[in-house]
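Below is one structure, written out as structure tokens; comments come after it.
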Amino acid sequence: MSLKNLREMPWIGERPVLDLANTVVVGAGHAGGDVDLLADPELLELWRGKALDRELADLPLQDLTELRGPVRAALDAAARQAPLPGPARARLNALSARAPVTFQVDDDGHLTEREAGGPVAAAVARQTLVLAAGPEQARLRCCPAPSCGMFFLARRRDQAWCSIGCGNRARAARRGG
């Protein structure tokens with residue numbers, strides 16, 4: 001991943017759950033290590049400015065880091081079509097219990113579900129569980145391209161990479177160049 005893309009973070013801003021999970025860029029650091037956007041003060045501030053949910057972006061760093069662990073573990077398992085790890089599942093279940101949900105019937109007679117406040121960590125935990133074990137789980141992917149590892153929702157059944165750039169990098173790496 002280019003330094004420009006790292007600073008622009010085009011993958012941030014789709015869903016709060018993905019915004020938090022995608023604060024780790026796999027293999028993009030020195031000697032193939034990961035880049036942790038939360039560990040670099042400049043990248044953290046850029047991420048805070050781009051994150052979709054303002055309450056999430058404003059959480060203290062320690063709270064963000066603690067929430068990210070079970071969120072990433074759950075999404076990683078779900079993207080591999082594996083059961084959610086017990087500790088992540090238990091932590092997310094406990095947090096999500098504090099995210100109240102209401103149901104309403106709209107003008108067209110359709111039932112809608114809405115979150116009704118609560119701590120942002122609870123809402124993110126609940127959204128993680130819905131994404132990791134709900135109907136969109138089949139669309140959840142982890143980009144296998146070099147220097148990426150971003151979680152994304154596939155728009156097509158055969159979509160393997162999160163972006164065209166990642167697809168190009170992956171094909172170039174396979175060709176050896």
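The values are calculated or read from the model by the stated rules, or taken from the named source; none is laboratory data. The structure displayed is predicted, hence computed values, not measured ones. Positions of Cβ are generated from backbone atoms using ideal geometry, with glycine treated the same way; all protein chains shown enter the neighbour counts. Surface accessibility is based on the protein's heavy atoms, side chains included, excluding ligands, DNA and RNA. Shrake-Rupley method; radii C 1.70, N 1.55, O 1.52, S 1.80 Å.
At a glance:
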read-out: Heavy-atom surface of the stretch 40-161, accessible at 1.4 Å and reported per residue (Å²); value: 55 Å²
read-out: 10 Å beta-carbon shell around Gln127, net charge (K/R +1, D/E -1); value: 0
read-out: Portion, in percent, of the accessible area of the stretch 40-97 that falls on carbon or sulfur, probe 1.4 Å; value: 54 percent
read-out: 0 to 90° range, to nearest 10: angle between helix 41-50 axis and the chain longest Cα axis; value: 50 degrees
read-out: The chain - Cys residues lacking any other Cys C-beta under 4.7 Å; value: Cys142, Cys166
read-out: Loop trypsin sites (Lys or Arg not before Pro), the stretch 101-177, which have at most 12 other Cβ atoms in a 10 Å radius of their Cβ (DSSP); value: Arg155, Arg156, Arg157
read-out: Among Val25, Leu38, Pro10 the positive-end extreme of the charge dipole of the stretch 1-57 (Cβ point charges); value: Pro10
read-out: For the stretch 163-170, 3J(HN,Hα) per residue [Karplus equation, 6.51 cos²θ - 1.76 cosθ + 1.60, θ = phi - 60°, Hz, x = Gly/Pro]; value: 8, 4, x, 5, x, 5, 4, 5
